[in-house]
Amino acid sequence: MTNTSLDPSEIARYARHIILPELGGAGQQKLKAARVLVIGAGGLGAPVLQYLAAAGVGTLGIVDDDVVSLSNLQRQVIHQTADIGQAKVDSASATIGALNPHVAVEPHPFRLAPDNAEALFVQYDLVIDGSDNFDTRYLAADTAASTGIPLVTGAVGRFDGSLTVLMPYRNGKDGVPNPSYRDLFPEPPPPGVVPSCAEAGIIGALTGVIGTLQAMEAIKVIAGIGEPLVGRLLMYDALSAQFSTIRYRRRGTDKAD
């Protein structure tokens, strides 16, 4: 059984958390006990990993098969110029270790695939999807749903981003099953319809906004505080500095409002 007691250095480190009545010492212990898997150590994964490490999440798994390149550094702030050519899981692990030595990192230097997703997911309490392609997003959502693991999923493009929290294996307060990713996006778009970041470009700070929001949602789910974005898609337009939210429901129930 994991030791979730906080030593004096941890109490000092997390003091601003512990004095929050909504979180407190009990919530901080929940964070310490948590095992979170982050898909991708890129634009979204970078702030997710940094803020969850700073928050004291006890174990962070990172699945990514890529290496750091110069063009990554405009947004993937967990990596440094000296890390170019290094595996992203190793670069991210080193940064996390320097930030918070109380956090254990489990690197998975491979690509998430149908033949490894389930075995990987069941090792963790919560998954955060920071991937940049539809195949991985749908695989992550389907696997999290089938294994009963909460998923915080986000996406960015150019100047816009969005995120939601998925728990389709549970019922909502109204007794109706929570919606799945496919209730929101039934099928991925045809190949080539949505350009990649490399093709269309992306403003770097946008990934920080959405990734940090993903970390916040993960903390809420782990600590059992607030109202996570279940059945709600939060959207952000960076150029107009506007947030908007749409509600969505399980297909076959009442229409989204």
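Quick notes on this structure:
- The strands (runs of 3 or more DSSP E) falling completely within the range 90-187 that include 1 or more residues that are more than 18 Å from residue 36 (Cβ to Cβ) and under 18 Å from the mean Cα position of the chain (by Cα) map to 151-157, 160-166.
- The set of residues in the range 1-40 that are assigned to a loop (DSSP other than H, G, I, E, B) and among the polar types (S, T, N, Q) comprises 2, 3, 4, 5.
- Filtered residues of the range 109-127 (kept if in contact (Cβ under 8 Å) with a residue 60 or more places away in the chain and either farther than 21 Å from residue 194 by Cβ or polar (S, T, N, Q) (or both)): 120, 121, 123, 124, 125, 126, 127
- Candidates 92, 98, 53 - the one that is over 26 Å from residue 197 (Cα atoms), of a type in the set (A, V, I, L, M, F, W, C), without any contact (Cβ under 8 Å) to a residue 60 or more places away in the chain and surrounded by 22 or more Cβ atoms within 10 Å (Cβ to Cβ): 53
- In the range 221-237, the residue that is farthest from residue 248 (Cα to Cα) out of those that are in a helix (DSSP H, G or I) and more than 12 Å from the chain's Cα centre (by Cα) is 223.
- First in the range 149-166 and on the phi > 0 side of the Ramachandran plot and in contact (Cβ under 8 Å) with a residue 12 or more places away in the chain, second anywhere and outside any strand (DSSP E or B) and surrounded by fewer than 20 Cβ atoms within 10 Å (Cβ to Cβ), Cβ under 8 Å, 6 or more apart: 158/200; 158/201; 158/203
- Only residues that are farther than 21 Å from residue 147 by Cβ and among the polar types (S, T, N, Q) were counted across the range 167-223, and they come to 3.
- Considering the range 188-203, the residues that are exposed (fewer than 13 other Cβ atoms within 10 Å of the Cβ) and assigned to a helix (DSSP H, G or I) include one that is modelled with the highest pLDDT, namely 200.
- Subset tally (residues that are of a type outside the set (Gly, Ala, Ser), assigned to a helix (DSSP H, G or I) and closer than 13 Å to residue 88 by Cα) for the range 41-74: 4
Every residue, every condition in (1) surrounded by 15 or more Cβ atoms within 10 Å (Cβ to Cβ); (2) of a type in the set (S, T, N, Q), yes or no:
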residue	(1), (2)
134	yes, no
138	yes, no
142	yes, no
149	yes, no
153	yes, yes
158	no, no
166	yes, no
170	no, no
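- Taken over the range 217-229, residues that are surrounded by fewer than 19 Cβ atoms within 10 Å (Cβ to Cβ) and either of a type in the set (A, V, I, L, M) or modelled with pLDDT under 95 (or both) amount to 1.
The values are calculated or read from the model by the stated rules, or taken from the named source; none is laboratory data. Because the structure is predicted, anything quoted here is derived from the model rather than measured. Using ideal geometry, Cβ is built from the backbone for each residue, glycine included, and neighbour counts are taken over all protein chains shown.
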